[in-house]
Structure formats: structure tokens, C-alpha cells
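Participant: Before anything else, here's the structure in question.
Please treat every number below as a calculation from the coordinates, not as lab data. The structure presented is a predicted model; accordingly, all values stated were derived computationally and were not measured.
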Amino acid sequence: MTEPLGSIAELREVLDAGEVSSVQLVGRALARAEALGTRLNAFLGLRSEGARADAARSDERRARGAVRSPLDGIPVAVKDNMVMQGEPTTCASRILEGFVSPYSSTLVEKLEAAGAVVVGRTNMDEFAMGSSTEHSVAGPSHNPWDPARAAGGSSGGSAAAVAAGIVPAAFGSDTGGSIRQPASFCGVVGMKPTYGRVSRWGLVAFASSLDQIGAFARSAAEVALLLEAVSGHDPRDSTSAPEPVPSWGQALDGDVSGLTLGLPREYSAHDGIDPAVLACVRDAVAELERAGAKVCEVSLPHAHTAVATYYLIATAEASSNLARYDGVRYGRRAEAARGLTDMYLRTRSEGFGAEVKRRILLGTYVLSAGYYDAYYRKAQQVRTLLRRDFETAFRSCDALVTPTSPEVAFALGSRTEDPLRMYLSDVFTVSANLAGLPGVSVPCGFSDGLPVGLQVLGPPLEEGRLLRIADTYQRRTAFHGQRPPEPV
Ligand code: GLN
């Protein structure tokens, strides 16, 4: 088996020194992805030929002294809901079987412009609906720390691929926690930027008022570099933020003195929280205090409504977004249909999995005449209250610190029969999406050999502050340096 790949900085150093070529690095990433394939199920497809060709072009550029960016020649992975010209995109769904994209997402275009090499498409819950990748048509990804456990979701494949050292960096989408929760389960850093920071042109829509693209790596410093490369205004995404992208990486000075961290009272009192997770988070807060940060208690009085609000809004938007998969334009069409309505019915019945169907039904219900006011409109009103909770909290602190997930990675199969229990694992992450805030998860300890994640949330557009807190913490701790056991 090939060795795990090092960090972006380590790989760049050996590339610059001419000790290794991008073709060799990409070859190693592909070999490792294949060798770990069955064990982790992190990828839905590898771009073996395309990636090698891209790497060869990167090597040529380097030889000419025309390196495009610090990411030039670095192998990366992309969740299978961001399109790339000439490549399949499946969203881990049967309904997109056979779909090959005629265009590339802005994310992929920006990665190509930076010279990064996309080696493959990572596993996910079908249409990003889930917290464990168990809703993938290809079966779940496995947690590299314990293959009997979930890698988290919905971007579980991306998190597992980084944790297992297949690639130093990967991209995912976060609608209610799908970057931060798998990052926490797999012991890597995962960041969801502010709503609108990264263009969603070419990201398959799940819930458009919540969806945001973000990145995984083993350090906050690498995540800063990755997000700088892919953020920025894009006229093709009408929700794209017009603000310029700061040099987040350069601003990482290891200094958090002068920052006040707010601890939401409601979260530490949450019923379902594992005391071991809470203990790790408390230790992490103490470490940040030693680094000079101040700590205060804050209140998010509507926190208890977040999961319910999220599952009303997310399902409503999903039911509308997924109406386009009708067998006419994209992917799979059912055979032997009798007439148009029958074709729609069969295509959607055969093409969508149980969780996606459940959400389409829920979403259609909450939008239907007679229930709209009671559910959808009410959820939008509560969403405003949740956003105001954060605005008030950020008057007395610079960032909020919470557990990312109430527990460490759960056993595969332990939640699939109980959707509500699965939904509750999102209790600390969904609010950031409802309020449009940036959030990062950083490894902050282990419980029974499984990683624990610390979540840091900030006001809109304050990614730099969150990265500075996460980076300062990583300079003082070694959790992110630990690797899962190599398979024998
Ligand atoms: N687990 C949440 C859900 O199932 C969040 C998913 C996501 O962020 N894509 O909706």
C-alpha cells in the first residue's frame, strides 16, 4: 500500500524541490484510493486518466516556471454533487445514472485555474440528505478510525478521503452540517464559509437558501488556502457575495488575545450530549483561554427550535429543487411506461431512495395549501428569531464555541431505522445554515479512540477570525497530527 499523502505544504515543498512530480503524487493518490476502496468506500468514481493528464500539464508548467498557485499539482477530491465537464455526477442517486455533465461548476473551474488536480468524486448521502452516507446508492463510507462506524455525512467520502491520507484536501457541501459533522467524525478540519462566499454554480441544489460549498484538510492553515482559491463573487450565482476575499492564510498569526469566545448556555445543557464530548470541548476552551482568549456565557434562546425549523425549510426547498428529475432531461428514465404521467411516476419511484422520497413528501406537505402558513411560513418566522439570537450573541462575543456533534461517530446501522434520531445529530450545526454564518470544525480530542470536533461559529464574512482561532488551537495541540491506523 502506498503511504498516506502529506499536507499541502509538505507536498508543495517536494514538488518545488523536484523530488517528486505531480504525476507521481496523483498516481499515489489514485493507488491509495484503489487500495482502500472497499474498506472505506470513500469514492464513487476516480478520474484516473484525466487526473494523470492534468498532473502532466502541471509538471510542464512547473518546468517552465509557470506555477499557477500553491495548489498547482496537488491532488484533491470533490463531492459527487459538483459537476465537471465530461465527467459523471451522480449525487449518489440512481436517478442520475448515466448523466455526464456538459459543463463545469465554478468550483471546478477555480480549482483548474489554480492548477489543482481533481482525482475523483467522493461518496455522499443521496442528494446530500443525511448524516452518515448510509443513504448513498453505493452504500456507506466507513470511518478510517473504525470501519464499523459512520464517516458522517453527507460529505462523508470527502472527510474519510482526507483522514485516510488519500488526498490532502477535499471539497464538500454543507446545508445543515454536512462538512462540519463528517470533519468532526473523521478527525479533520472542515469549514463551511458564509452563505454566498463560494459560488454554487454547478453544485446540484438541495436547499438553495442553506447550501454552501466548503473544504476539508487536516489543518486550518490548509483550509484557508483552499477557500481563498475557490471563494469570490460569481455573476452566475445570484446569491454570491460581492465582497472581496481576504488573504485568510496570511492573517494566521497564532494570536487570539483580544478575542472573546461565547459559550451558548443551551448547548452544554442539551440532553443528548455525550459527557466525553463536552469534556473535550471544555479542555479546548481552556486551551484557547491560555492562548489569551476571553470566555463568556451567551444565550441562544431559540436553539431548541433549530432542528425542526431546518427540517421544514430544507425539505420544502428540496421538494421544489428535485422536481426537475422527471426522466425527461437528466439521467435515468424508466422503461415500459404507459404515457407521460406513468413515466414520471416510474422514473421517480425507481430513481429516488427512501430518504429522498421521505423528504420530497414532507416538503410537498409543508408547502401545500392549507399547511403552508402553519409550517413553512412559521418556520421562516422562527428562522428570523434564530438569526436574531446570533446577532445578539455577537454583540457580546467575537465567536461562538460549541461541540460540532453531540457525540462521536456512531455505529453504521444504528440510526437508519430511526430518521428522527439521525436528524437530531445535526442539532449544533443547522443553526449556522439557517443564519447564513461561517463555521469550522477542528479536531479537539478523542473519546474511545474516536475523534471529537470543536465547532467555532462567527458573524457573516468573518471566516478569517474563525480560521485564526482554529489555527491558534492547532499550533498548541497535536490532535490533528494523529493518523488513523493503517489497514493491515
Ligand atoms: N444532515 C443534514 C440533513 O440530512 C444536513 C445535510 C447537509 O448539510 N447536506 O439534511
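Participant: Explain nothing, just the number: relative contact order of the chain, from Cα pairs under 8 Å at least 6 residues apart, as a whole percent.
Facilitator: Details: 1153 pairs, mean separation 86.6, N = 488.
With pairs under 8 Å counted, the relative contact order is 18 percent.
Participant: Determine which lysines satisfy two conditions relative to residue 79: a Cα distance under 21 Å, and not lying fewer than 8 residues away in the same chain.
Facilitator: Answer for residue 79, where 21 Å is the Cα cut-off: 110, 192, listed by chain and number.
Participant: Something else: Once phi is turned into θ = phi - 60°, what whole-Hz ³J(HN,Hα) does the Karplus curve with 6.51, -1.76 and 1.60 give for every residue of the stretch 280-295, x standing for Gly and Pro?
Facilitator: 4, 5, 5, 4, 5, 4, 4, 5, 5, 5, 4, 7, x, 6, 9, 10
Participant: Please list, in chain and number order, the residues 5+ apart from residue 76 or on another chain whose amide H is under 5 Å from its amide H, with Hs placed from the backbone.
Facilitator: It is 117, 118, 119, by chain and number.
Participant: Using just the helices of the chain, give the 222 nm mean residue ellipticity in deg cm²/dmol: DSSP H runs with n ≥ 4 each add -39,500 (n - 2.57), and the total is spread over all residues, rounded to 500. Could the numbers behind the result be given before it?
Facilitator: Numbers: 17 runs with 185 residues, N = 488.
It lands at -11500 deg cm²/dmol.
Participant: Starting at the first residue of the stretch 255-269, write each ³J(HN,Hα) from the Karplus equation 6.51 cos²θ - 1.76 cosθ + 1.60 with θ = phi - 60°, in whole Hz, x for Gly and Pro.
Facilitator: These are the phi-based 3J(HN,Hα) values: 10, 10, 5, x, 9, 10, 9, x, 10, x, 4, 5, 6, 6, 8 Hz.
Participant: Which cross-chain or sequence-distant (5 or more) residues have an amide H under 5 Å from the amide H of residue 43, H modelled 1.01 Å from N in plane?
Facilitator: 123
Participant: Still on this model: Looking only at the chain, where both bridge partners belong to it, what percent of the DSSP beta bridges are antiparallel (to the nearest 5)?
Facilitator: Details: 32 of 47 bridges.
The antiparallel fraction comes to roughly 70 percent.
Participant: Tell me, what HN-Hα J-couplings in whole Hz come from the Karplus equation 6.51 cos²θ - 1.76 cosθ + 1.60 at θ = phi - 60° for each residue of the stretch 86-95, using x for Gly and Pro?
Facilitator: Along the stretch 86-95, the couplings run x, 10, x, 9, 10, 6, 6, 10, 5, 5 Hz.
Participant: Grab the Cα-Cα distance for residue 13 and residue 388, subtract it from 0.36 nm times how many residues apart they are, and report the gain in nm with one decimal. Could you put the intermediate results ahead of the total?
Facilitator: Working: separation 375, 0.36 × 375 = 135.00 nm, distance 4.57 nm.
Gain on extension, residue 13 to residue 388, equals 130.4 nm.
Participant: Between residue 63 and residue 345, what length in nm is gained on full extension when 0.36 nm per residue of separation is reduced by their alpha carbon distance? Could you put the intermediate results ahead of the total?
Facilitator: Numbers: separation 282, 0.36 × 282 = 101.52 nm, distance 5.56 nm.
Contour length minus the Cα-Cα distance gives 96.0 nm.
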